[in-house]
Amino acid sequence: MATDQPAPPAIAIRDLDVVRGDNHVLHGVSLEVPAGKITGLLGPSGCGKSTLMRSIVGVQIVGGGEIEVLGAAAGSPELRPRVGYVTQAPSVYGDLSVAENLGYFGSLYGVGSDRIATTIGTVGLRGFEGRITGTLSGGQRSRVSLATALLNDPDLLVLDEPTVGLDPVLRDELWRTFGELAKAGTTLLVSSHVMDEAGECDELLLMREGRLLRQTTPAALREETGQQDLGKAFLTVIERSEQPS
Amino acid sequence: MSIRATGATARRVLLQIRRDPRTIALLLVVPAGLLVLLYFIFDGQEATFQKIGAPLCGLFPFIVMFLITSIAMLRERTSGTLERLMTMPLGKADVLFGYGIAFGLLAALQAIVVCSVGFVALGLDSPHGAWLVGLLAIGNAVLGMALGLLASAFARTEFQAVQFMPAFIFPQLLLCGLFVARDSMAPALDTISYALPLTYAYDALALVTEPGDLGGDFAVDVLVVAGATIASLGLGALTLRRRTE
Ligand SMILES: Nc1ncnc2c1ncn2[C@@H]1O[C@H](COP(=O)(O)OP(=O)(O)O)[C@@H](O)[C@H]1O
Ligand SMILES: [Mg+2]
């Protein structure tokens, strides 16, 4: 029965290789991101998380491998309205107000002012509409950047370290927002170099030095390593991966 | 290309400029101010002021637009906003024409101000009509914009971008015939000047601000400037990459 079959993955990557300048950044990465869930992409700084995300949204020149996103090749024009991407550094216009930034991105997506107002509420920036984005704090700026990607309610959200530099309360609120989006059917791929956040995810991708170490879940990772703390569990996985088996 | 996305981009660029009073001053006040300065430098030497000041009215927009566009596009490239736009439902042509329309409008304003000051207040002559100088000024501004867009691809910082002024714009200004007639330069320089677009921009302005027939030379000048604009816009479009390293 068709209804019993698992939904096809939102992202399927096979043998992805990326070279940036003189650096061989990704080495034969293969993975699947399930639809309608939050998948955490975790690994230390410099391991290739941003490069992998850039490849998924189709802005990275890739050396080899296949990336299928929502059933189409990564970077296909038909994916552009369906995939929201938030870069690691906030990519909004610092000299425009919050409302003007969202107004611009909103008009590119063809969404109206109601939707813009709702989205400003979603990222907790109500009352800041008139502020010049460049004068906001780093965390507020990254939420403006996040809001621009939420505007058109995409099927897939690729968020590069969206919670970095946020205070714990805000971080918590954002993860709750991500949970609500996933419940409503959005697929989220969220990167972080902080292992604490792994517990918020349904599915985990553990990366190190351009390689995927594990595709797992928080529960399975705890069980595999016998560590309750996910940060320690990740360390255990790294240690084991370094021992010749 | 879509009218909505192009229009939204033009509006956004204008909003950014509006937020920056110094840039507005550079656009509208500085050229007219320099013309007044020139008027007093050539105190009582009406013929010299006419010979240099009149064509300069149509060259200022070229210089200013080159400067502003190279910096503005560099910011788009380095701030991540261009990468972001390239993942959105927006064509490269929307970006190019959005900038073109916004800066074209500003160039028109600039031309009106500088031509009013020059041809009305300071008594410069334009035997073929000041409006024609204004039109040429707008065309030159679009050329400056196209070259600035192209140049921005070869700079990594704003510091490098402003270096294009002394490196590429000043030589063209010196060789175009504005200060010294080209046929009295060293023959090699005269030959080189044929390869520089500003030479034709100046030549058209010189013809329009002197009595006598416009003739076929004027048409050639206008065509060369138009051709150089289209060529640099085309090359500039090639530097707007969806995928980068
Ligand atoms: N533009 C670039 N050119 C060359 N190397 C790069 C470039 N960007 C990143 N790298 C290198 O690629 C590796 C992975 O970077 P990145 O994907 O940003 O990692 P992460 O997001 O996990 O911190 C790093 O070693 C980094 O130095
Ligand atoms: Mg990163």
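The values are calculated or read from the model by the stated rules, or taken from the named source; none is laboratory data. Here the structure is a predicted model, which means the values were calculated and not measured. Cβ coordinates were reconstructed from backbone atoms using ideal geometry, including for glycine residues, and neighbour counts include every protein chain displayed.
For this structure, a couple of remarks:
Results for (1) within 16 Å of ligand 1 (Cβ to nearest atom); (2) under 30 Å from A:Lys232 (Cα atoms), shown as yes or no for each residue.
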site: A:Ala12; (1), (2): no, yes
site: A:Gly21; (1), (2): yes, no
site: A:His24; (1), (2): yes, yes
site: A:Val29; (1), (2): yes, yes
site: A:Val33; (1), (2): no, yes
site: A:Thr51; (1), (2): yes, yes
site: A:Gly64; (1), (2): no, no
site: A:Leu79; (1), (2): no, no
site: A:Arg82; (1), (2): no, no
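- Scoring A:Leu108 on the criteria (1) touching a residue at least 12 places away in the same chain (Cβ under 8 Å); (2) within 30 Å of B:Ala93 (Cα to Cα) leaves a single failure, condition (1).
- Residues considered: B:Pro89, B:Pro61, B:Pro21, B:Pro31. Of these, the only one that is at pLDDT below 95 and in contact with a Pro (Cβ under 7 Å, 6 or more places away or on another chain) is B:Pro89.
- Whether a residue is assigned to a helix (DSSP H, G or I) and either under 21 Å from A:Tyr109 (Cα atoms) or at pLDDT 90 or above (or both) was assessed, and B:Ser116 passes this test.
- Residues of the range A:111-133 satisfying the condition of being in contact (Cβ under 8 Å) with a residue 24 or more places away in the chain and outside any helix (DSSP H, G or I): A:Val111, A:Val123, A:Gly124, A:Leu125, A:Phe128, A:Glu129, A:Gly130, A:Arg131, A:Ile132
- Per-region count, the range A:134-185, residues part of a helix (DSSP H, G or I), under 13 Å from A:Ile38 (Cα atoms) and touching a Gly at 6+ places or on another chain (Cβ under 8 Å): 1
- Among the numbered conditions (1) of a type outside the set (Phe, Trp, Tyr); (2) surrounded by fewer than 21 Cβ atoms within 10 Å (Cβ to Cβ); (3) out of contact with any Phe, Trp or Tyr (no Cβ under 8 Å at 6 or more places or on another chain), the only one that A:Leu136 does not meet is (3).
Let's see how each residue does on (1) within 14 Å of another protein chain (Cβ to nearest Cβ); (2) buried (at least 18 other Cβ atoms within 10 Å of the Cβ); (3) at pLDDT 95 or above; (4) closer than 26 Å to A:Thr177 by Cα:
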position: A:Val25; (1), (2), (3), (4): yes, yes, yes, no
position: A:Gly36; (1), (2), (3), (4): no, no, yes, yes
position: A:Thr39; (1), (2), (3), (4): no, yes, yes, yes
position: A:Pro44; (1), (2), (3), (4): no, no, no, yes
position: A:Met53; (1), (2), (3), (4): yes, yes, yes, yes
position: A:Ile56; (1), (2), (3), (4): yes, yes, yes, yes
position: A:Glu66; (1), (2), (3), (4): no, no, yes, no
position: A:Gly75; (1), (2), (3), (4): yes, yes, no, no
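- When every residue of the range B:11-20 is checked against the conditions, none turns out to be surrounded by 18 or more Cβ atoms within 10 Å (Cβ to Cβ), of a type outside the set (Asp, Glu) and more than 17 Å from A:Ala99 (Cα to Cα).
- Lone unmet requirement of (1) in contact with a Pro (Cβ under 9 Å, 6 or more places away or on another chain); (2) over 24 Å from A:Pro154 (Cα atoms) for A:Arg82: (2)
- Inter-residue pairs, beta-carbon under 8 Å, first under 22 Å from A:Gly185 (Cα atoms) and in the range A:61-81, second of a type in the set (Gly, Ala, Ser) and in a helix (DSSP H, G or I), 6+ apart: A:Ile67/A:Ser55; A:Ala74/A:Ser55
- Flag if A:Ile38 is within 20 Å of the chain's Cα centre (by Cα) and either of a type outside the set (A, V, I, L, M) or within 16 Å of ligand 1 (Cβ to nearest atom) (or both): no
- Criterion applied to A:Thr87, A:Thr51 was being under 22 Å from B:Thr9 (Cα atoms), within 16 Å of ligand 2 (Cβ to nearest atom) and of a type outside the set (A, V, I, L, M, F, W, C), and the one residue passing it is A:Thr87.
- Inspection of the range A:87-101 identifies no residue that is farther than 17 Å from A:Ser142 by Cα, facing chain B (nearest Cβ under 9 Å), assigned to a helix (DSSP H, G or I) and not charged (D, E, K, R).
- Single match in A:Gly138, A:Gly124 (criterion: over 16 Å from the mean Cα position of the chain (by Cα) and within 16 Å of ligand 2 (Cβ to nearest atom)): A:Gly138
- Filtering A:Arg171, A:Arg176, A:Arg208 for residues that are over 13 Å from the mean Cα position of the chain (by Cα), buried (at least 16 other Cβ atoms within 10 Å of the Cβ) and more than 16 Å from ligand 2 (Cβ to nearest atom) leaves a single hit, A:Arg171.
- Scope the range A:10-23; condition surrounded by fewer than 19 Cβ atoms within 10 Å (Cβ to Cβ), away from ligand 2 (no atom under 16 Å from the Cβ) and outside any loop (DSSP other than H, G, I, E, B); matching residues: A:Ala12, A:Arg14, A:Asp15, A:Asp17, A:Val19
- Boolean, B:Ile3 is at negative phi, surrounded by 16 or more Cβ atoms within 10 Å (Cβ to Cβ) and among the aliphatic types (A, V, I, L, M): no
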